[in-house]
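The values are calculated or read from the model by the stated rules, or taken from the named source; none is laboratory data. Note that the coordinates shown come from a computational prediction; the quantities given were computed from them, not determined experimentally. Here Cβ is always computed from backbone atoms with ideal geometry, including for glycine, and neighbour counts include all displayed protein chains.
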Amino acid sequence: MDAGEDPAASEPPEDPEDWSDEQWIEWLKATDDEPPAERGPVTTGGRIVHSSAGSVLGEAMLAVGRVIFGRQDAEVVIVAEGKSEPGEDEPFTVHLDPEHPERSRAVFKKDPPER
């Protein structure tokens, strides 16, 4: 390999002793692909979590949890205090009579309060 020659473009000699160690190292560096991205240390837990058996086991555990405890949907409830009593700002009220449904009634207010 000549001094001005691109090491990646040249082929190594048939006799490895023709090149010096520096020439071999330069050729190896020029022909290497990009180094892989740095990852964290490989742990036993990481290998299990990212394996197919770990995925199946995780899904099975989630399914058992849903069977035992039911689906746990996170419901967001926002409560704010107002100036009126509950139901005062509604335009109507409903009175239900479970024993006699025909006696149930809805009462509409004449003028709903301004908001």
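Some points to look at:
- The residues of the range 21-74 that are surrounded by 10 or more Cβ atoms within 10 Å (Cβ to Cβ) and within 30 Å of residue 10 (Cα to Cα), listed by number, are 23, 24, 25, 26, 27, 28, 29, 30, 31.
- Annotation note: Cβ proximity below 9 Å between a residue of the range 33-56 that is charged (D, E, K, R) and a residue that is surrounded by 10 or more Cβ atoms within 10 Å (Cβ to Cβ) (sequence gap 6+ or interchain) occurs for 47/54.
- Qualifying residue in the range 94-105 (condition: more than 42 Å from the chain's Cα centre (by Cα), basic (Lys, Arg) and in a helix (DSSP H, G or I)): yes
- Of the helices (runs of 4 or more DSSP H) that lie entirely inside the range 10-69, those containing 3 or more residues that are among the aliphatic types (A, V, I, L, M) span 21-31, 52-69.
- Candidates 34, 11, 22, 26, filtered to the one that is of a type in the set (D, E, K, R) and modelled with pLDDT under 75: 34
- Cβ separations smaller than 8 Å between residues 6+ apart or across chains give the following pairs from the range 94-106 residues that are surrounded by 10 or more Cβ atoms within 10 Å (Cβ to Cβ) and small (Gly, Ala, Ser) to residues that are in a strand (DSSP E or B) and modelled with pLDDT under 90: 104/94; 104/95.
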